[in-house]
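Before any comments, here is the structure.
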Amino acid sequence: MSETDNAELTPQINIFLDSKDYIYHPGDCLTGFYTILDVITDQIVSVELTVFWHTEGKGDEDLTIIDYQLLSRRKEDWINPNTPIKIETTLPLSPLSYEGTLIKIRWAVRVCMTLDSGKEIVSERVFFLKKHESV
């Protein structure tokens, strides 16, 4: 790959969750992986993985982080964009996802990659935390 080819690449992050419908239940283990594409290892300063829920709507917005992982060149972590990076965390019992008219509770996995140019590449995958359906 030539130097010109590298300049034309648009770095991206893809997040894949093991639940095909993106529905999880309280206490479930959220699993999956993310991939980093079209970037050279030496350009990556850090990669942050955050699993969180947040509120949207009327009043103050809340955000609570359930899991946070940092891979950093400063900490001498090896960040290989050619290898999928595992996601695994146990979800809490609450709050459940909620889509009300005044307030919404949303869950997500976010991956943020910082490049040596200072540019940040962010990808987010929404998922749902719901009660088990009664039979």
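Just so you know, all these numbers are worked out from the coordinates, no wet-lab data involved. Please read these numbers as outputs of a predicted model, since none were measured by experiment. Counting neighbours? That spans all protein chains shown, and the Cβs are built from the backbone with ideal geometry, glycine included.
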### Message
Going residue by residue through region 20-39, is there one that turns out to be over 30 Å from residue 95 (Cβ atoms), in contact with a strand residue (DSSP E or B) (Cβ under 6 Å, 6 or more places away or on another chain) and among the aliphatic types (A, V, I, L, M)?
### Response
yes
### Subset tally (residues that are charged (D, E, K, R) and either closer than 16 Å to residue 125 by Cα or touching a Ser or Thr at 6+ places or on another chain (Cβ under 8 Å) (or both)) for region 53-76
5
### Task
Filter region 48-94 down to the residues that are on the phi > 0 side of the Ramachandran plot and small (Gly, Ala, Ser), then identify the one that is surrounded by the most Cβ atoms within 10 Å (Cβ to Cβ).
57
### Query
Given (1) within 18 Å of residue 130 (Cα to Cα); (2) touching a strand residue (DSSP E or B) at 6+ places or on another chain (Cβ under 7 Å); (3) aliphatic (A, V, I, L, M), where does residue 93 come up short, assuming only one miss?
(2)
### Task
Kindly indicate whether residue 28 is in contact (Cβ under 8 Å) with a residue 40 or more places away in the chain and loosely packed, with under 13 Cβ neighbours inside 10 Å.
no
### Query
Out of region 95-111, which residues are buried (at least 16 other Cβ atoms within 10 Å of the Cβ) and not aliphatic (A, V, I, L, M)?
97, 106, 107, 110
### Task
Can you tell me which residue among 103, 121 is under 19 Å from residue 51 (Cβ atoms) and among the β-branched types (Val, Ile, Thr)?
121
### Message
If I filter region 112-121 down to residues being out of contact with any helix residue (DSSP H, G or I) (no Cβ under 8 Å at 6 or more places or on another chain) and assigned to a strand (DSSP E or B), which single residue comes out as surrounded by the most Cβ atoms within 10 Å (Cβ to Cβ)?
### Response
113
### Query
Which of (1) without any contact (Cβ under 8 Å) to a residue 24 or more places away in the chain; (2) under 18 Å from residue 9 (Cα atoms) does residue 68 not meet, given it meets every other one?
(2)
